[in-house]
Amino acid sequence: MLALVHGIILAFGLILPLGVQNVFIFNQGATHRKLLKAAPAIITAGFCDTILIILAVSGLSVVVLNFEWLKNLLFLCGTIFLIYMGFVMWRSTSDSSSKIQVPSRFSARRQVTFAASVSLLNPHAIIDTIGVIGTSSLAYVGHEKVIFTLACIIVSWIWFFFLAIIGRKVGQLGNSGILLKRINQISAIIIWVMAVYLGYNFFTYL
């Protein structure tokens, strides 16, 4: 029971703060007319988090991130990708055949690519998962460790679905695409700010 409660609280504590992953899932929920259309982003983010949590609990990820060059590479790739992703969101074009401005929606393939990238190319998210979940899991063994791990994973999946649902509700507030366009622009700005932060970390670690 303790392992279950610990896993739930810990996972919520890690996933609640505003981050690129959360912004992207919310954005996809808001910009698609049906929640099902945002499923590729939700499932990919959940799957990536599941992998990271399992790696953290197993201890394998700690070994990988002991290589300084790998951390620097993650910071560099993450910075470049976030800058690109911000431009893609900002430049979401409107439908020229309609008088109503509707931001273009990401295809399933692009959702998968972007969701995987913001999940796996985010050094801070990876380090937090390793440092917090991985370290906390050391307090448990056997079935308790399994319960702890499953609690973290389930919370992650629930949160992504919840974010997309909230995004969909927000997206339905406007009767035109103006609100959705603003959501895209705000998302882009947040992502650029995080790109600057990652870039700063990259040069700091050099």
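What residue among V20, V118, V196 shows peak mean-square fluctuation when the chain is described by a Gaussian network model with Cα springs under 10 Å? Result: V196 has the largest fluctuation of those listed.
Compactness of the chain is given as radius of gyration and Dmax, 17.9, 60 Å, from Cα positions.
Listed by chain and number, the lysines whose C-alpha is less than 24 Å from the C-alpha of K71, apart from same-chain residues fewer than 8 away, amount to an empty set. Taking every full run of DSSP H in the chain, the ones that stretch at least 15 Å from end to end by Cα along their long axis and average 0.5 or higher on the Kyte-Doolittle scale are 2-15, 39-58, 68-90, 142-171, 178-205.
Rounded to the nearest 0.05, the FRET efficiency derived from the C-beta distance between I80 and L2 at R0 = 30 Å is 0.10. Extension gain for the segment F203 to F67, taken as residue separation times 0.36 nm less the Cα-Cα distance, is 47.3 nm to one decimal.
No lab work stands behind these numbers, since they all come straight from the coordinates. Remember, it's a predicted structure, so these values are computed and weren't measured experimentally. Virtual Cβ from ideal backbone geometry, glycine too; neighbours counted across all protein chains shown.
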